[in-house]
1. Quick one: work out Rg over Rh on the C-alpha atoms of region 41-153, Rh as Kirkwood radius.
2. List the residues, sorted by chain then number, that are 5 or more residues from TYR64 or on another chain and whose placed amide H is less than 5 Å from its amide H.
3. Please list TYR59, TYR130 in order of solvent-accessible area, largest first, computed with a 1.4 Å probe with all protein chains present.
4. Note down the nm distance, to one decimal, between modelled labels 7 Å out along Cα→Cβ at GLU96 and at SER142.
5. Could you compute the FRET efficiency for SER127 and ASP191, with r as their C-beta to C-beta distance and R0 at 45 Å, rounded to 0.05?
6. Got the relative contact order for region 43-135 handy, in percent, Cα pairs under 8 Å and 6 or more residues apart?
7. Report, to the nearest whole %, how much of the accessible area of region 63-152 belongs to carbon and sulfur atoms, 1.4 Å probe, protein only.
8. Using each residue's phi in region 48-56, evaluate 6.51 cos²θ - 1.76 cosθ + 1.60 at θ = phi - 60° and report the 3J(HN,Hα) Karplus result to the nearest Hz, with x for Gly and Pro.
Amino acid sequence: MMDNMFSNKWFVRFISLCIAIMLFMMVNMNNNVSNQASVLPDREDSTVELDDVELVVDYDEESYSATATTPDDLIVQLSGSQTSLTLFQLSNTSHEVFVNAEDLGPGEHQVPIENRNFPADLEVSVSPEYATVVVEELETMSYPVEVELTNEDDTEESYQTDDFSVNPGSVDIQAGSSVHESINEVSVFVDVSGAANTIAGEKEVIAYDNQGNELDIQIEPETVNVTMGEEGGTSANCRLLL
């Protein structure tokens, strides 16, 4: 019987009309809800403070290094309607607070702190208004690579930990003069735990300052080949880490 009903063109037209009416009513209901929501009052002059905002420095990276410091913690305050603030907090925008040192030469400069990519309907207030930017010319210096051994007590008794080579034995670091002055050592770590035969492989080169902190700088090459347990290659300083 159902097959006969659906084969009747008038029955099919009637069902289609009912569906169209239902869709029309649903659209109107949604529009009414949206219109009612749009006339709800929105609170103005609300403010939000952003935490842990990074200060970006724009500068000529091919010729200089640049660092920026602010007298106090950087505070970014946003003002606007509660709706705009809520939408901003829910969004994933690429907003930034920055200083422009593109046209600055070597030296210490007071540079205004700016912002970009924040919503146009929000007022952005940054405190402090200026940052101290130090611009330095890039210098390339060569550093010998030290080998730091770990777990040497766990090697075979006859294993010679002083028989090693590093290739290349030195690396180049391009940075500003203040960074070069802070470099205390440039090292690779070699774990010799259980070693009885030759150890060979690429090791990452890491630079440290006088406090033992790892420095985030460009090292060329980033890795060196370290061989232990056989002769040959270029030797390097070696230290034992207990």
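The values are calculated or read from the model by the stated rules, or taken from the named source; none is laboratory data. Everything quoted here is computed from the prediction, not taken from an experiment. As a convention, Cβ positions derive from the backbone with ideal geometry for all residues, glycine included, and neighbour counts pool all protein chains shown. Surface areas here come from the heavy atoms of the whole protein model, side chains and all, with no ligands, DNA or RNA. Shrake-Rupley method; radii C 1.70, N 1.55, O 1.52, S 1.80 Å.
1. With Rg and the Kirkwood Rh in hand, the quotient comes to 1.19.
2. Hits under the 5 Å cutoff: LEU138.
3. TYR130, TYR59
4. My value for the distance between the label points is 3.6 nm.
5. Calculated transfer efficiency: 0.40.
6. Working: 186 pairs, mean separation 34.4, N = 93.
Here the relative contact order equals 37 percent.
7. That share works out to 45 percent.
8. 9, 9, 8, 9, 6, 7, 8, 8, 8
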